[in-house]
Each structure stands twice: as C-alpha cells, then as structure tokens.
Amino acid sequence: MAGMEGYTRLPGFSKGQIGSAKDDTLYQVIRFKGVFDIHELYKIIYDWLVSRHYQVHESKYKSIALQTGGKERSFDWNAHRKVTDFLMYWMQIHFQFQDLMDIEVIKDGKPKKMQRGLILIRIQPGLEFDFAERMTRDKFSKIMLEFMTTWMWKKKIDALWEDKLRFKSYELMNLIKETLEFMTKGNEHYDVW
C-alpha cells in the first residue's frame, strides 16, 4: 500500500523494554477494505483500553484531503497501564485509513452515515521495566536491572507478563474484527487470560 508510514516509538520507551520494536512476533495487523463506521471503531477500541485501566494518548494525527474527494488519515495511540511499581504494559496502535469516503447506507431500515475505504491497524504490545527510572541512575543499578530481567525474572516475563499482554492484544484484535464484521471472527486463545 503506497503511502503507509513507518511506526515510531515514544522517545523514552526503550529504557528497559523487553519485546522491543525489533521483535516482530508481537505485532498484530488487521487489513480491511469495505464499509465501516469509523466513529464506532474509535469508540470501541478506546472503551476497551480504558475499561482495562489503560491511559490512552494520541501521539500523532495526520489527515490529508485527496483530489478524488476522499481522505487519507493516520494516527497513533499509545496506551499504557501500570502493572506493578516496576512493570508497565504498553499497547501502541497505529491506524491508517486510505481512500476514506463518507457514504450513507440503510442499516436496520434507517439511513446511517458510514465510511468506505482501506484500513490498516497495527497493534504492538510491549513491556517496560523500571519506568520510573529508579534503577538506571548509576552503573551498578543498570547491571542489576539487566541481571534481573535476563536471569531472575526470565520465566516470569516469558510465561506470565509477556503472554498475558500478547493474549490481551489478540482479544483487542478480535474485537476489531467483530466491529468490522469480519467473517473470521473468534480467537482460539480467547479464554487464556
């Protein structure tokens, strides 16, 4: 898709993060072409994040009017949730809408304003350790932080925190599919966490 922009992280996001931007296994990507309600999509994703105690911030918004009468719109949401005093969950969601046109359809016997176009939604979960930077003030503390995350907490990171966050991102992806009325709804990992 021409015009798709790269995904950028927050400047301070790589302080102690496991599952960095180089780890493409944690990405979830949804592509859709058709008719949808953009406001319902925003609301459902935002409500899902807020109901799970995430704080949501929009870091980038870009809208361009095309000569064809449509629009191209892209924006990023950065959602974070404090799990412990030492660990924070992140979900970075990139939205890209192309050839976005407003149309009016008849739904349930009533006219409704909806949109038609191409959608790309990318969900990237991540863990951040020592988000308050308590252990990055001196060299010894940095070494201790690295030791704890690579050796002491490795199983807990892999089997608990990272898995839980990954399955929650699957749950969000499934919610988006249901909202867009995909035929492939459902998730084999729905009841894991």
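Nothing in this text is a laboratory measurement; each read-out follows from the coordinates by a stated rule. Given the structure is predicted, the values throughout are model-derived calculations rather than measurements. We place every Cβ from the backbone using ideal geometry, glycine too, and count neighbours over all the protein chains shown.
Too long at a 30 Å Cα-Cα cut-off: which of 60/113; 62/168; 60/110?
Details: 60/113 26 Å; 62/168 28 Å; 60/110 35 Å.
From the list (60/113; 62/168; 60/110), the Cα-Cα distance tops 30 Å for 60/110.
Quick one: 3J(HN,Hα) in Hz for the range 115-128, Karplus 6.51/-1.76/1.60 with θ = phi - 60°, rounded, Gly and Pro as x.
Once rounded to whole Hz, the list reads 10, 10, x, 9, 10, 10, 10, 10, 10, 10, x, x, 10, 10.
Most exposed first by the Cβ proxy, i.e. fewest other Cβ within 10 Å, how do 80, 39 rank? Present the calculation step by step, with values, prior to reporting the outcome.
On the way: 80 21, 39 11.
Ordered by Cβ neighbours within 10 Å, fewest first: 39, 80.
Measure out, as a whole number of angstrom, how far apart the alpha-carbon centroids of the range 33-84 and the range 93-108 sit.
Measuring centre to centre over Cα atoms gives 13 Å.
For the pair residue 50/residue 67, report the inter-label distance in nm, with labels modelled 7 Å from Cα in the Cβ direction.
4.1
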